[in-house]
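Structure first, then comments.
Readers should treat all values here as calculations from the given coordinates under stated rules, not as data from a laboratory. Just so it is clear, the structure is predicted and the values come from calculations on it, not from any experiment. Glycine also receives a Cβ, built like all others from the backbone with ideal geometry; neighbour counts cover every protein chain displayed.
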Amino acid sequence: MSLNSLLRHVGIHVPRGVTVEGRIVLGVPTTGSGVTILERHTFHDGLDPDFRTVPVMGQQAGSDRSWWNLDQGRREIDKSAVLAAFPFFALDDSSGGYTWKGIIDTGYGRYGIDVIGNPTGAMPFILSRHPRRLGRQEGAGWRPSPHLYKSGRLCVAETSDWVPERHTTATVIAWAAHWLAAYTVWRAGGQWPTEGFQPRPA
């Protein structure tokens, strides 16, 4: 049982947040801390969701019909949220896409990730740029990391955790930081420390 599980078991709820570098901190205040509060999410794995045929908020997939081209207000809110929470990330929209690139420093490892906008407005996709392959050497074999999609993308949340009217790319970067912190622990000891974050209902 992890420390967080033990605390939850005895009725103590500890909020979690993510610093601008990508480190997880416990017991953060809800406002004014310069730390992004970690939203509810659940790690999982399996087949990649296919959002290309599932429009969200009445939008169709395709570069000219992508949410970031159709809704300039939402695009500006998203950009502002990412730059406020993770100022070391940069937007690459040179090819008509919407990809945020940056480094997450868990305090025990640095990971380069791409957060690729989903044209439909559904949850963005997260790719590990460095390292490309996520797992650990076990004897003569290689064990892939838990909580990856079949494609190798990070599975940082259930699709139902994503609420496009409330969440931004900054939310997903925070989820990725939490995933990478758990991955760092798993690589060191072989046990995944958490299945996500489930704050106490308000």
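Computed from the Cβ-Cβ distance with R0 of 41 Å, the FRET efficiency linking residue 188 to residue 72 stands at 0.40. Equivalent ellipsoid of region 73-193: semi-axes from √(5λ) of the C-alpha gyration tensor, largest first, are 27, 14, 13 Å. With the charge dipole of region 69-198 set up from +1 on Lys and Arg Cβ and -1 on Asp and Glu Cβ about the Cα centre, the Cα lying farthest toward the positive end among the listed residues 141, 156, 184 is that of 141.
Using the count of nearby Cβ atoms within 10 Å as a rough guide to exposure, how do 151, 145 rank from fewest to most?
The most exposed by this proxy come first: 151, 145.
Ordering 92, 64, 105 from the fewest to the most neighbouring beta carbons within 10 Å gives 64, 92, 105. The spacing between region 108-158 and region 170-202, judged by their C-alpha centroids, is 12 Å.
Around residue 106, under 14 Å between beta carbons, what's the net of Lys plus Arg minus Asp minus Glu among the other residues? Combined, the nearby Lys, Arg, Asp and Glu give +2.
Residue order for 103, 77, fewest other beta carbons within 10 angstrom first, comes to 77, 103.
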